[in-house]
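Below is one structure, written out as structure tokens; comments come after it.
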Amino acid sequence: YQAKRDRTGVEVYESKRDSNTPDRLGLLADLRRALDAHEVQLHYQPKVRFDGKVAGLEALVRWVHPERGKVPPDEFIAIAESSGLMQHLTEYVLETALGQVAKWRAQGLFVPVAVNVSPRDVHTPGFAGSVAARLARHGVPAGALQLEITEHVLLEDPQRAADTLAGLTGHGVKMSLDDFGTGYSSLVHLRRLPVSELKIDRSFVARLAVDTEDAEIVRCTVDLAHSLGLLVVAEGVEDDETWERLRDLGCDAVQGWLVAAAMPPDEMTAWLLARGSRGWQRPAAALPAAA
Ligand code: C2E
Ligand code: MG
Ligand code: MG
Ligand code: MG
């Protein structure tokens, strides 16, 4: 079934196989134009702790194609990655996210933002220095930026990837390991990557409340991460029961539709301002206990 198949990483190869069909080339050209025209947007999704405090936001790219409508990020990112456009897309995303962080800070909202970066970015020479320069240009402290990477950064030239990541953490940028548990997760990677946070992939979280195997996998991952001093975030939390299970398993924070889906920057601002320092409260938890 889908959830199990998601973990094999097979789709990664499938999406690369037909990377040069006219359709994909057309989409690539359209994406290039959309970036130049600033038609690509970032939405933001909160990561919240179990006391409701907002731990940070994740920036997620959104593209509405004039004829095709919404194009899923997974789709156009795969295309950008198989071409020279990925670097351009990442620069655009970093630039937009840091501009937004600076705006929020000026409004008194000191919330860190996570940006997803692809393996290709980590292997771009000078990447760590360019991120540091961009932070300085926006007057944003490095601690306000987090980069989400996947274990795929170690597929090719792991030493260079490790050097770049060490450069980034040396500047004070926090690293998060995304989609943990998918593909070819290995304990060696956890030792090799200078990450301070681990995100458990949605494919394990989705059926946590009904699948005892998934629950065991999550339990072990949380314990392993904690013993290595990492914070654990669960992705794709959609219901109360999953929230409660994750809290009981000692997970540190959650992200998912139960709390909020990714939203445009203005909505995110209103969401943050409305909740203030109390953060997010579960609707059920806000109800008085039955007498
Ligand atoms: P990701 O980084 O693992 O992001 C989590 C995905 O799960 C997002 O999908 C998010 O909208 C979705 N999600 C969040 N909560 C829930 C939930 O409760 N239920 C369900 N079913 N889904 C939920 P999205 O935005 O479609 O992004 C997909 C992937 O595309 C991301 O996975 C990330 O790998 C990539 N991506 C997105 N934006 C960027 C970007 O700016 N740069 C790069 N390099 N990759 C990006
Ligand atoms: Mg992510
Ligand atoms: Mg993820
Ligand atoms: Mg994911």
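Tabulated results
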quantity	calculated
Cα centroid separation, region 129-155 to region 56-86 (Å)	19 Å
Gain upon complete extension [residue 184, residue 32; 0.36 nm per residue less C-alpha separation]	51.5 nm
Computed Kirkwood radius, in angstrom, where 1/r is averaged over Cα pairs of the chain	19.9 Å
Region 15-170: Cα Rg divided by the 2.2 N^0.38 Å rule of thumb	1.09
Total formal charge among the other residues, if their Cβ is under 14 angstrom from that of residue 34, Lys/Arg +1 and Asp/Glu -1	0
Long-range Cα-Cα pairs in region 104-237 (distance over 24 Å), rounded percent	34 percent
Accessible heavy-atom area order of 44, 92, 184, highest first, probe of 1.4 Å	184, 92, 44
Calculated FRET efficiency for the pair residue 224/residue 166, C-beta based, R₀ 22 Å, to 0.05	0.50
Tail beyond 15 Å, pair distance distribution of region 164-220 (Cα, percent)	55 percent
For peptides 57-66, 211-220, sequence by mean Cβ density within 10 Å, most packed first	57-66, 211-220
Residue 282-residue 74 pseudo-label distance in nm [points 7 Å out on the Cα-to-Cβ vector]	2.8 nm
Summed side-chain charge close to residue 43 - residues other than residue 43 whose Cβ falls under 10 Å, Lys, Arg +1, Asp, Glu -1	-1
Lysine pair count for the chain [Cα-Cα under 21 Å; pairs on different chains or 8 or more apart]	11
Simple Cβ-charge dipole of the chain, Lys/Arg +1 and Asp/Glu -1, about Cα centre, in debye nearest 20	800 debye
Label point distance in nm, residue 244-residue 102, each placed 7 Å from Cα along Cα→Cβ	4.7 nm
DSSP beta bridge pairing in the chain, given as percent antiparallel to the nearest 5	45 percent
Heavy-atom accessible area ranking, 1.4 Å probe, most first, across 257, 243	257, 243
Region 176-263 - convex hull of the alpha-carbon atoms, volume per residue in Å³	89 Å³
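The values are calculated or read from the model by the stated rules, or taken from the named source; none is laboratory data. Remember, it's a predicted structure, so these values are computed and weren't measured experimentally. FYI the Cβ positions are ideal-geometry reconstructions off the backbone, even for glycines, and counts take in every protein chain you see. Surface areas here come from the heavy atoms of the whole protein model, side chains and all, with no ligands, DNA or RNA. Shrake-Rupley method; radii C 1.70, N 1.55, O 1.52, S 1.80 Å.
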